[in-house]
Structure formats: C-alpha cells, structure tokens
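Undergrad: Sharing a structure here in structure tokens format.
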Amino acid sequence: MVNDPTRIITLQSHILAEQAQFPESTGTLSWILSALSISAKIIADKVRRARLENVLGPAGAENVQGEAQQKLDVLANEVLLASLGRREGVAMVASEENEEPVILRDEADGARRYAVLFDPLDGSSNLDVCGAVGTIFSILPHEAGVPARASLLQRGAAQVAAGYVLYGSSTVFVLTLGRGVDLFVLDPSVGAFILVERGLRIPAGNRSYSVNEGNRLSFPEGYRRYLDWAQREGYSSRYTGAMVADVHRILLKGGVFLYPPTAKAHHGKLRLMYEANPIAFLIEQAGGRALAGPTERLLEIAPTGIHQRTPVIVGAADQVDAVVAHLDES
Ligand code: P6P
C-alpha cells in the first residue's frame with residue numbers, strides 16, 4: 001500500500017479522518033497533534049545532523065531530575081514549547097525539562113482545551129553514540145476554570161491521546177487516540193509521516209525481556225526470581241537505554257519491558273506522567289498490560305506530582321503475566 005502513491009495516507013490526513021468521525025469535534029485536538037508532528041520533523045532533522053552541527057554533548061546544566069541536560073534535550077524542549085504554545089487549544093504544558101508547568105491560556109470562554117505533557121528527548125544519553133532516542137507525549141483534557149494542577153495530575157486513564165516518536169533507523173510516529181494504535185514512518189523525500197500499520201496488536205509468545213540487569217542485585221526479590229526463571233527458560237535479553245526504542249520493539253514483536261525499584265530509584269526511575277502513562281495507554285490499546293506492580297495498573301495511579309516516578313512492567317499480556325507470577329504480594 002505504501003508504495004502505491006495513490007494510496008498514501010499521511011498522519012495529517014489520518015488525524016483529519018479520525019476527527020471527521022466526530023461531527024461535534026472542533027479540530028482543537030487535531031491542531032495539537034499537527035504541532036507534535038511538525039515538532040517531530042524538526043527534532044528528527046536536528047538529531048540526525050547533531051554531530052555535523054556540533055550540538056551533541058551536555059548543555060552544562062541539570063534538569064529537574066538532577067540529570068545532566070544534553071544540548072539536544074534543551075533544543076527539543078524549546079521546539080515543542082514553541083509549536084504547542086502557538087496552538088490555541090493548549091491550556092498548559094508540562095515537560096521533563098521544566099520544573100514547573102507552563103500555563104499558556106485558561107480563559108473561561110467555553111473553548112475545549114488540553115494539557116500536553118512530554119519528555120522531549122527520552123534516552124538522550126544515547127545521542128553521542130548514535131543510539132536511538134525518542135519523544136513521548138500525553139494529552140489530557142482541561143476544563144476551563146479547573147486549577148492547572150488538577151488538570152495536569154489526572155490518572156493516565158483520562159488521556160485522550162498519547163504517543164511517541166522514535167528517532168531510530170527511521171523516524172516513526174506511533175499514536176493512539178483511544179481507538180487502537182497506528183504507526184507512521186517519516187518519508188523525508190515527501191516531508192510527511194506515512195501510515196504503514198493500523199491497529200497494532202502486540203504478539204504473544206515472544207520470550208524476551210528488557211531490563212537493565214546492572215541493577216539486578218538491588219531489585220526486589222520477586223524480580224530476581226523472575227529473571228532466574230526466564231534465564232532457565234532460555235529467554236533472550238534486549239535493552240537499549242531508551243524506553244521508546246525498547247517499547248517499540250515490544251509493540252511490534254512482543255516481550256516485556258521492566259524498570260523495577262532499585263537502590264538508586266526506590267520508586268522506579270521512569271516518570272509516571274510523561275513516560276509511563278503515555279506508554280501504558282499505547283500498550284493497553286495494542287492488547288498488552290501496563291503495571292507498576294503485581295496488582296497496580298499504571299493508568300489507575302492517582303498522581304501526586306508532575307515529576308513523580310514509578311516502577312514499570314509493560315508488554316505483551318502473556319509476558320507481563322509471567323513477571324507478575326514471580327512477584328510476591330509483599
Ligand atoms: P538506566 C532514559 O534516561 C530513561 O528514562 C528511559 O528511556 C530508559 O529506559 C531508562 O531511563 C534507562 O535507565 O538506569 O537503565 O540507564
């Protein structure tokens with residue numbers, strides 16, 4: 001289908017076709033998704049030219065997480081803030097790179113507006129070694145007059161859209177609007193994201209896990225029991241250091257991604273609002289499971305802070321179940 005130019009569906013046309021299914025919709029969400037698409041193309045260009053333009057390496061500052069900001073972290077953040085800031089439908093944004101959310105507009109004018117949360121460049125420590133990096137975004141509804149904090153700190157189940165951009169061997173845009181997961185690939189010769197797969201479903205039966213085993217000794221016992229079992233069962237291990245790349249492999253091939261509590265990150269390392277929740281929405285929409293622990297669904301966690309962290313167990317339902325089977329309830 002993609003090779004037949006008369007049958008090309010772009011991300012833009014897909015978004016408008018989805019909007020057309022809801023006559024009452026105003027197009028506000030479509031405009032926000034368009035801003036994310038443009039941002040992704042700009043960031044992709046900067047990532048691929050980074051070494052040539054000498055924008056690799058640390059920016060010389062730390063972000064709110066206490067992590068050394070890469071120059072491209074700052075640049076990607078600025079691109080997203082600028083493009084989303086120009087969209088009338090964006091009430092506020094929250095970013096991994098900003099300690100406080102940015103309130104853009106909140107007139108009680110009856111207009112439908114949204115809160116957009118994002119990790120502008122996830123896995124950016126991979127940049128210097130030409131590894132995969134990604135952008136993750138989450139879109140929550142905002143009601144005029146509702147305090148910004150209340151709008152931002154909604155459960156993941158309230159998301160109206162979520163997705164990621166993976167800057168890998170190609171640039172892919174993966175999106176859910178709550179009606180399945182669709183995959184687009186950037187065609188640089190056309191300058192558009194082209195639909196290549198609709199309704200992604202995570203395959204069962206892939207006996208592989210994705211975890212940083214360097215932290216193994218400080219994992220809670222149940223996770224170590226799971227790893228011992230998986231290795232006895234002949235599982236393979238894949239881990240890139242960028243959640244978006246590991247999750248993309250799992251969406252397409254199956255398996256499970258874990259970031260358990262560790263000695264350095266007692267509540268897990270990944271951020272609930274702009275990493276775990278959007279990924280969880282995608283994973284569940286593709287038929288998988290997304291947990292923070294043996295009985296805790298990520299999308300049901302009541303947030304208390306924009307930058308709060310959480311343990312993560314996401315992937316194919318059969319592979320998440322295999323992890324849970326080894327975690328004691330304590
Ligand atoms: P570690 C990147 O910094 C990130 O937030 C995720 O993308 C990735 O899965 C994880 O942290 C890697 O963390 O501790 O294994 O380097």
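Undergrad: Would you confirm whether or not region 269-285 contains a residue that is outside the structural domain of Phe137 (by TED's automatic domain parsing), touching a residue at least 40 places away in the same chain (Cβ under 8 Å) and closer than 17 Å to Arg216 by Cα?
TA: yes
Undergrad: Let me ask you something else. Limited to region 60-80, what total is found for residues that are more than 19 Å from Val129 (Cα to Cα) and touching a Ser or Thr at 6+ places or on another chain (Cβ under 7 Å)?
TA: Let us first name the residues in region 60-80 that are more than 19 Å from Val129 (Cα to Cα), namely 61-66, 77-80.
This time we only want the ones that are touching a Ser or Thr at 6+ places or on another chain (Cβ under 7 Å), so: 77, 79-80.
Of the residues in that region, 3 qualify.
Undergrad: Follow-up question, since we're still on this one. List every residue pair whose Cβ atoms lie under 9 Å apart, where the two residues are 6 or more positions apart in sequence or sit on different chains, the first residue falls within region 189-212 and is more than 16 Å from Val256 (Cβ to Cβ), and the second residue, located anywhere, is part of a strand (DSSP E or B) and among the aromatic types (Phe, Trp, Tyr).
TA: Ala192/Phe184; Phe193/Phe173; Phe193/Phe184; Ile194/Phe184; Leu195/Phe184; Val196/Phe184; Glu197/Phe184
Undergrad: For region 210-222: of the residues being within 16 Å of the ligand (Cβ to nearest atom) and small (Gly, Ala, Ser), which is most open to solvent (accessible area, probe 1.4 Å)?
TA: Gly214
Undergrad: What about Arg225, is it charged (D, E, K, R), within 16 Å of the ligand (Cβ to nearest atom) and farther than 20 Å from Gln65 by Cα?
TA: On the way: charged (D, E, K, R): yes; within 16 Å of the ligand (Cβ to nearest atom): no; farther than 20 Å from Gln65 by Cα: yes.
Taking the combined requirement at face value, the residue does not satisfy it.
Here's the yes/no breakdown for (1) touching a helix residue (DSSP H, G or I) at 6+ places or on another chain (Cβ under 6 Å); (2) in the same structural domain as Gln159 (by TED's automatic domain parsing); (3) within 16 Å of the ligand (Cβ to nearest atom); (4) open to solvent by 10 Å² or more (accessible area, probe 1.4 Å):
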| residue | (1), (2), (3), (4) |
| --- | --- |
| Ser37 | yes, yes, no, no |
| Glu53 | no, yes, no, yes |
| Arg87 | yes, yes, no, yes |
| Glu99 | no, yes, no, yes |
| Arg112 | yes, yes, no, yes |
| Asn126 | no, yes, yes, yes |
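Undergrad: Now for a different question. With closer than 19 Å to Arg271 by Cβ, in contact with a Gly (Cβ under 9 Å, 6 or more places away or on another chain) and open to solvent by 10 Å² or more (accessible area, probe 1.4 Å) as the only criterion, which of Ala68, Ala61 stands out?
TA: After ruling out the rest, the residue left standing is Ala68.
Undergrad: Filtering region 233-285 down to residues that are among the basic types (Lys, Arg) and within 14 Å of the ligand (Cβ to nearest atom), which residue is modelled with the lowest pLDDT?
TA: In this case the residue turns out to be Lys264.
Undergrad: Given Ser30, Ser13, which one is within 20 Å of the chain's Cα centre (by Cα) and either free of Cβ contacts under 8 Å to residues at least 60 places away in the same chain or under 22 Å from Val244 (Cα atoms) (or both)?
TA: On the way: Ser13 fails: within 20 Å of the chain's Cα centre (by Cα).
Criteria check complete, one pass: Ser30.
Undergrad: Same structure, new question: Among the residues in region 225-235, are any in contact (Cβ under 8 Å) with a residue 24 or more places away in the chain and in contact with a Ser or Thr (Cβ under 7 Å, 6 or more places away or on another chain)?
TA: Just the residues of region 225-235 that are in contact (Cβ under 8 Å) with a residue 24 or more places away in the chain, to begin with: 225-226, 229-230, 233-235.
Narrowing the set further to residues that are in contact with a Ser or Thr (Cβ under 7 Å, 6 or more places away or on another chain) leaves 235.
The answer is yes; a qualifying residue exists.
Undergrad: Based on what the data block shows, is Leu183 of a type in the set (A, V, I, L, M), in a loop (DSSP other than H, G, I, E, B) and surrounded by 15 or more Cβ atoms within 10 Å (Cβ to Cβ)? Give the steps one after another, and end with the answer.
TA: On the way: of a type in the set (A, V, I, L, M): yes; in a loop (DSSP other than H, G, I, E, B): no; surrounded by 15 or more Cβ atoms within 10 Å (Cβ to Cβ): yes.
Spelling it out, it is not the case that Leu183 is of a type in the set (A, V, I, L, M), in a loop (DSSP other than H, G, I, E, B) and surrounded by 15 or more Cβ atoms within 10 Å (Cβ to Cβ).
Undergrad: Please enumerate the residues belonging to region 301-328 that are surrounded by fewer than 12 Cβ atoms within 10 Å (Cβ to Cβ) and in contact with a Gly (Cβ under 9 Å, 6 or more places away or on another chain).
TA: Asp328
Undergrad: I would also like to ask the following. Where in region 63-178 are the strands (runs of 3 or more DSSP E), entirely inside, with at least 3 residues that are among the small types (Gly, Ala, Ser)? Write out each step before concluding.
TA: Values: elements: 68-70, 90-95, 113-122, 133-142, 161-167, 171-176.
Because the criterion is at least 3 residues that are among the small types (Gly, Ala, Ser), the strands (runs of 3 or more DSSP E) in region 63-178 that meet it are 90-95, 161-167.
Undergrad: Report yes if some residue within region 133-146 is within 16 Å of the ligand (Cβ to nearest atom) and more than 22 Å from Ile15 (Cβ to Cβ); otherwise report no. Please lay out each step first, then the result.
TA: So in region 133-146, the residues within 16 Å of the ligand (Cβ to nearest atom) come out as 133-138.
Pick out the ones that are also more than 22 Å from Ile15 (Cβ to Cβ) and you get 133.
Scanning region 133-146, I find at least one residue that is within 16 Å of the ligand (Cβ to nearest atom) and more than 22 Å from Ile15 (Cβ to Cβ), so the answer is yes.
Undergrad: How many residues are crowded, with 21+ Cβ neighbours inside 10 Å and not aromatic (Phe, Trp, Tyr) when one looks only at region 255-268?
TA: First, pick out the residues of region 255-268 that are crowded, with 21+ Cβ neighbours inside 10 Å: 255-260, 268.
Now drop any that are not not aromatic (Phe, Trp, Tyr), which leaves 255-256, 258, 260, 268.
Total satisfying the criteria: 5.
Undergrad: Sort out which residues of region 132-159 are open to solvent by less than 40 Å² (accessible area, probe 1.4 Å) and of a type in the set (Val, Ile, Thr), and write them in order of number.
TA: Val133, Thr135, Ile136, Ile139
Undergrad: Here is a list of conditions, (1) open to solvent by 10 Å² or more (accessible area, probe 1.4 Å); (2) touching an Asp or Glu at 6+ places or on another chain (Cβ under 6 Å); (3) closer than 16 Å to Phe173 by Cα, and Val244 meets all of them except one; can you say which number that is?
TA: (1)
Undergrad: Could I ask something else about it? Suppose the filter is away from the ligand (no atom under 16 Å from the Cβ) and either at negative phi or surrounded by fewer than 17 Cβ atoms within 10 Å (Cβ to Cβ) (or both); does Leu117 pass it? Spell out how you get there, then give the answer.
TA: On the way: away from the ligand (no atom under 16 Å from the Cβ): no; either at negative phi or surrounded by fewer than 17 Cβ atoms within 10 Å (Cβ to Cβ) (or both): yes.
Criteria not met by Leu117.
The values are calculated or read from the model by the stated rules, or taken from the named source; none is laboratory data. Everything numeric in this text was worked out from a predicted model, so none of it was measured. Cβ: placed from backbone, ideal geometry, glycine included. Neighbour counts: every protein chain shown. Areas reflect the complete protein model, heavy atoms only, side chains present, ligands, DNA and RNA absent. Shrake-Rupley method; radii C 1.70, N 1.55, O 1.52, S 1.80 Å.
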